Amino acid sequence: MSSTADQSPLGKASAYQSQYAPELLFPIPRQEKRSELQLTGTMPFFGVDIWNAYELSWLNMRGKPQVAIATITAPADSPNIVESKSFKLYLNSFNQTRLANADALVALMRDDLAGAFGAQVHIALTPQENFGTLKMGELEGTLLDRLDIEVDQYTPSPALLTAARSDAPVEERLVSHLLKSNCLVTGQPDWASVQIHYVGPQIDQEGLLRYLIGFREHNEFHEQCVERIFIDIYRQCMPQKLAVYARYTRRGGLDINPWRSNFTSGRPSNLRTARQ
């Protein structure tokens with residue numbers, strides 16, 4: 001059953017269950033926040049939310065603990081997001097659960113998360129013997145943070161976004177590591193790096209950096225912030241092509257990395273950044 005963010009486990013004392021408990025998952029409808037952006041019907045973007053779970057463990061049938069890293073990919077057109085603390089509690093409920101093998105774990109997770117998100121999700125496990133194959137990398141693009149700007153506004157202002165509409169279109173990838181927002185319920189800080197890939201009138205970089213820094217006192221979930229960034233740039237700067245990708249630092253063993261795009265450029269890499 002879907003409900004509102006303030007009814008979620010966030011900010012409340014929680015009993016950590018160590019036996020399988022799919023009922024812990026707490027879905028929240030995406031449409032409520034999208035309605036704030038005046039988005040209804042067909043969305044002007046597609047995309048995914050890429051979750052990485054670093055604290056996943058269960059027991060084999062002989063009681064020996066197993067560990068793995070899970071990557072869960074949920075489509076942006078699913079009706080719900082899943083509140084991240086409830087996701088963590090759900091994953092912890094496998095800690096003392098005996099399962100035949102990793103495939104049995106994935107099968108349970110796939111069914112449970114499809115029910116919570118309201119759409120099919122993709123799940124990939126990296127077992128401990130393959131941890132050494134995982135790589136790190138940074139978002140590619142021109143670094144906005146190099147700009148020596150003065151900032152006095154810490155809430156998002158779309159009016160800061162401008163573009164040279166009379167000039168020939170350009171293609172750019174712009175990156176900032178200064179994106180910070182706050183949890184919608186608890187107000188705890190969320191830290192991220194963000195990449196903006198666009199084709200269209202050249203976006204004023206100083207205005208874009210001020211706009212991104214403007215999320216510093218803004219309260220929204222990760223997925224909602226990325227969609228707000230996409231829509232504000234799309235409406236203010238009118239690019240023909242636009243993709244926004246954010247890599248958020250982990251909390252409770254989970255990181256969430258939303259990607260929204262209106263053109264097919266291939267799904268972004270899931271390389272873990274240095275801060276993640």
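The values are calculated or read from the model by the stated rules, or taken from the named source; none is laboratory data. Quick caveat, the model's predicted, so the values are computed rather than measured. Neighbour counts are summed over all protein chains in view; Cβ atoms, including those assigned to glycine, are modelled from backbone coordinates with ideal geometry. Remember, those area values only see protein heavy atoms, side chains included, never the ligands or the DNA or RNA. Shrake-Rupley method; radii C 1.70, N 1.55, O 1.52, S 1.80 Å.
Looking at Glu140, Glu83 in this structure, which one is within 19 Å of the chain's Cα centre (by Cα), surrounded by fewer than 16 Cβ atoms within 10 Å (Cβ to Cβ) and among the acidic types (Asp, Glu)?
Numbers: Glu83 fails: surrounded by fewer than 16 Cβ atoms within 10 Å (Cβ to Cβ).
Selected residue: Glu140, the only one of Glu140, Glu83 that is within 19 Å of the chain's Cα centre (by Cα), surrounded by fewer than 16 Cβ atoms within 10 Å (Cβ to Cβ) and among the acidic types (Asp, Glu).
Could you give me the residue pairs with C-beta distances under 7 Å whose first residue belongs to region 111-122 and is free of Cβ contacts under 8 Å to residues at least 12 places away in the same chain, whose second residue is outside any helix (DSSP H, G or I) wherever it lies, and which are 6+ apart or on separate chains?
Within 7 Å, the pairs are Ala114/Gln120; Ala114/Val121.
Output the number of residues of region 167-197 satisfying the condition of being among the charged types (D, E, K, R), farther than 22 Å from Ile28 by Cβ and in a strand (DSSP E or B).
The total comes to 3.
Between Gly187, Gly200, which is surrounded by fewer than 19 Cβ atoms within 10 Å (Cβ to Cβ) and at positive phi?
Gly187 is the lone residue from the list that is surrounded by fewer than 19 Cβ atoms within 10 Å (Cβ to Cβ) and at positive phi.
Hey, Gln96 hits all of (1) touching a Ser or Thr at 6+ places or on another chain (Cβ under 7 Å); (2) at pLDDT 95 or above; (3) open to solvent by less than 30 Å² (accessible area, probe 1.4 Å) but one; which does it fall short on?
(3)
Residue-by-condition table, conditions (1) among the polar types (S, T, N, Q); (2) open to solvent by less than 20 Å² (accessible area, probe 1.4 Å); (3) in contact with a strand residue (DSSP E or B) (Cβ under 6 Å, 6 or more places away or on another chain):
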| residue | (1), (2), (3) |
| --- | --- |
| Leu125 | no, no, yes |
| Glu129 | no, no, no |
| Gly132 | no, no, no |
| Asp145 | no, no, yes |
| Ala163 | no, no, yes |
| Glu223 | no, yes, yes |
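Kindly evaluate Glu206 against the criterion of being surrounded by fewer than 23 Cβ atoms within 10 Å (Cβ to Cβ) and in contact with a His (Cβ under 9 Å, 6 or more places away or on another chain).
In short, no.
Residues in region 257-265: is at least one assigned to a strand (DSSP E or B), more than 28 Å from Lys135 (Cβ to Cβ) and not small (Gly, Ala, Ser)?
The answer is no, given that none of the residues of region 257-265 is assigned to a strand (DSSP E or B), more than 28 Å from Lys135 (Cβ to Cβ) and not small (Gly, Ala, Ser).
Looking for whichever is more than 19 Å from the chain's Cα centre (by Cα), in a helix (DSSP H, G or I), polar (S, T, N, Q) and more than 30 Å from Gly41 (Cβ to Cβ) here; the options are Asn130, Asn95. Which one fits? Show your work before the answer.
Values: Asn95 fails: in a helix (DSSP H, G or I).
One residue alone meets the criteria, Asn130.
Check Leu174, Leu212, Leu242, Leu178 and return the single one that is within 19 Å of the chain's Cα centre (by Cα) and open to solvent by 10 Å² or more (accessible area, probe 1.4 Å).
Among Leu174, Leu212, Leu242, Leu178, only Leu178 is within 19 Å of the chain's Cα centre (by Cα) and open to solvent by 10 Å² or more (accessible area, probe 1.4 Å).
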